[in-house]
Structures are given as structure tokens and as C-alpha cells.
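Enquirer: Dropping a structure here in C-alpha cells format, bear with me for questions.
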Amino acid sequence: MKGDLRLVSLDASTQSDLIDRVKTMASQDASTYKCGDYLARRAKDISRKLYSCCDSHDNSMLDMDDMVDAVCREKMCEWSYRVCDHFGTGREIVAVAFACLDRFMDRRNCDRTAFKLAAMTSLYLTTKVFHTQRIRLRSLVELSRGEFEERHITEMELIMLQTLEWRVHPPTIQCFIEPFCAVLTRSEHQIAACIQQRAIFFAELALYDYSFVSKEKPLIAVAAILNAIEG
């Protein structure tokens, strides 16, 4: 994670390092930190239940009513950004937290309440892992307005770490934007910095959209840069 905007010069050594770095992150994104389309998969599972067992129709409908959807995820993403802005935590923390959250959801079935708890826990866990401005556990409990207690978050933290096999350092879209933007240093520095800043803004917007969850982050980074250049 990068807290400050910075551009690097492309001498031979730096270029080689950037290539190796991008290859490593792309490999991790395509394997260890890859996430599937868990919402579509669960929707199909619910549909099969509806058609396979007529006498359980009412229970299946209740499952659908409490099923996590893209709107739930978008609301928690917006909430997470507001919390990070309030506590002065870097906004890329939200990208890391949701990379962990989405992979957790890809492996575990959760209703909306459990999803909300997992989203809060991801944010808390990520601030600890990256040693940023930490969000206190008590503060998150207060923000839940009595819905969760401290023990709920600490218990969910352990469950998530075990589910994710302690792999909580995913490459984000922002991680790819910096090396990709390095080639722009051949142009005017101010313009290149503006393009990188705009690209990061587009990366933050992309996090809201569930349709990008299963897409390759290097491709999203390139699209963000191209949109920034057009702007």
C-alpha cells in the first residue's frame, strides 16, 4: 500500500524492478487472491432449492429475502469509506478490506447481518495489518449502534483469518496504477501526477461495483488510467 502519491523515473534498474513487481502482483491476483462471482453462485443455489422442493418454498423465499446482494455490498463500501475518512485512515485500506471480505464471502455463506459484521471486521483487521491509523474496536462497536459487541468482532476476526488462511495482503487496483503510471514520467510531471491521482479516484469508484469483483485488477487499473487520460 502506498500512502502518498509518487512517480518514479524509468532507468534500466527501476524498469526491471517494476516489471518483476507487476508480474508478482498479477500472479497473486490470478491465484492466491482470486475471487469468484459468489452472488451469482448463491442465486443459482437458491433457484435450485425453489424448483427441487416445493414444500420448502416459503423457507427458500425467506433465504432470498435475507441474502446478501450487490446493494448490501455497495452500502457497506460507502460506510467503510466514510469511516476511514472520519478517522483519517488511508482510503486504500477499504480496497484491501473488501478484497479480504469478498474472498471470505466466496468461501462462506453469510446472511446480511453476518455480512455486515464481516465488513466491519475486515476494516478493523486491515488497519491492524498495515499499521495505519487504527480504528479502535470500541469505536466500531459504537458505530454499530448496539447491533454488535466487541466479542462479535474479535470472534469474526479469527474466523476470517482462518478462512482466508491468514492471507491478508492482496494487491489492490491502486498497487497496479503506480507502476503503470511510471511510464508517464516521460511527459510533464504535473500532468502525470494528475493522471495518477484521477486513476486512483476511478479505482475507488470501481470498488463500489460488484461486477468488478471477479475481474483482473491489472485490467481495471489500465481502464482507470485510460479514463484518467481521456479526462
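The values are calculated or read from the model by the stated rules, or taken from the named source; none is laboratory data. Here the structure is a predicted model, which means the values were calculated and not measured. Please note: Cβ atoms are built from the backbone with ideal geometry, for glycine as well, and neighbour counts cover all protein chains shown. Ligands, DNA and RNA are excluded from the accessible area calculation, which covers all protein heavy atoms including side chains. Shrake-Rupley method; radii C 1.70, N 1.55, O 1.52, S 1.80 Å.
Enquirer: Only one of Arg108, Arg112, Arg103 is more than 20 Å from Gln162 (Cα to Cα), among the basic types (Lys, Arg) and out of contact with any His (no Cβ under 7 Å at 6 or more places or on another chain). Can you tell me which?
Expert: Numbers: Arg108 fails: more than 20 Å from Gln162 (Cα to Cα); Arg103 fails: more than 20 Å from Gln162 (Cα to Cα).
It is Arg112.
Enquirer: If you check Glu74 against the conditions, is it within 30 Å of Ser27 (Cβ to Cβ) and open to solvent by 10 Å² or more (accessible area, probe 1.4 Å)?
Expert: On the way: within 30 Å of Ser27 (Cβ to Cβ): yes; open to solvent by 10 Å² or more (accessible area, probe 1.4 Å): yes.
Spelling it out, Glu74 is indeed within 30 Å of Ser27 (Cβ to Cβ) and open to solvent by 10 Å² or more (accessible area, probe 1.4 Å).
Enquirer: How many residues does the stretch 62-100 contain that are touching a strand residue (DSSP E or B) at 6+ places or on another chain (Cβ under 9 Å) and under 27 Å from Glu165 (Cβ atoms)?
Expert: Within the stretch 62-100, the first condition is being touching a strand residue (DSSP E or B) at 6+ places or on another chain (Cβ under 9 Å), and the residues that meet it are 63, 66-68.
With under 27 Å from Glu165 (Cβ atoms) added as a condition, the list becomes 67-68.
Residues flagged as touching a strand residue (DSSP E or B) at 6+ places or on another chain (Cβ under 9 Å) and under 27 Å from Glu165 (Cβ atoms) within the stretch 62-100 amount to 2.
Enquirer: When you go through Arg167, Arg108 one by one, which is the residue that is open to solvent by 80 Å² or more (accessible area, probe 1.4 Å) and under 20 Å from Arg73 (Cβ atoms)? Write out each step before concluding.
Expert: Working: Arg167 fails: under 20 Å from Arg73 (Cβ atoms).
Result of the check over Arg167, Arg108: Arg108.
Enquirer: I've got another one for you. Would it be correct to say that Glu142 is free of Cβ contacts under 8 Å to residues at least 24 places away in the same chain, acidic (Asp, Glu) and either closer than 27 Å to Ala70 by Cα or surrounded by fewer than 15 Cβ atoms within 10 Å (Cβ to Cβ) (or both)? Reasoning before the result, please.
Expert: Numbers: free of Cβ contacts under 8 Å to residues at least 24 places away in the same chain: yes; acidic (Asp, Glu): yes; either closer than 27 Å to Ala70 by Cα or surrounded by fewer than 15 Cβ atoms within 10 Å (Cβ to Cβ) (or both): yes.
When the stated conditions are applied, Glu142 passes them.
Enquirer: Which pairs turn up if I take residues in the stretch 79-107 that are in contact (Cβ under 8 Å) with a residue 40 or more places away in the chain and look for partners that are acidic (Asp, Glu) and part of a helix (DSSP H, G or I) with beta carbon separation below 7 Å, at least 6 apart in sequence or on another chain?
Expert: Pairs found: Arg91/Glu204.
Enquirer: Scan the helices (runs of 4 or more DSSP H) fully inside the stretch 106-178 and keep the ones with 2 or more residues being on the phi > 0 side of the Ramachandran plot and charged (D, E, K, R).
Expert: Details: elements: 112-129, 137-143, 150-163.
Fully inside the stretch 106-178 and qualifying: nothing.
Enquirer: Can I ask one more? All but one of (1) in a helix (DSSP H, G or I); (2) under 13 Å from Val213 (Cβ atoms); (3) at pLDDT 95 or above hold for Gln28, so report the exception by its number.
Expert: Unmet for Gln28, out of (1) in a helix (DSSP H, G or I); (2) under 13 Å from Val213 (Cβ atoms); (3) at pLDDT 95 or above: (2).
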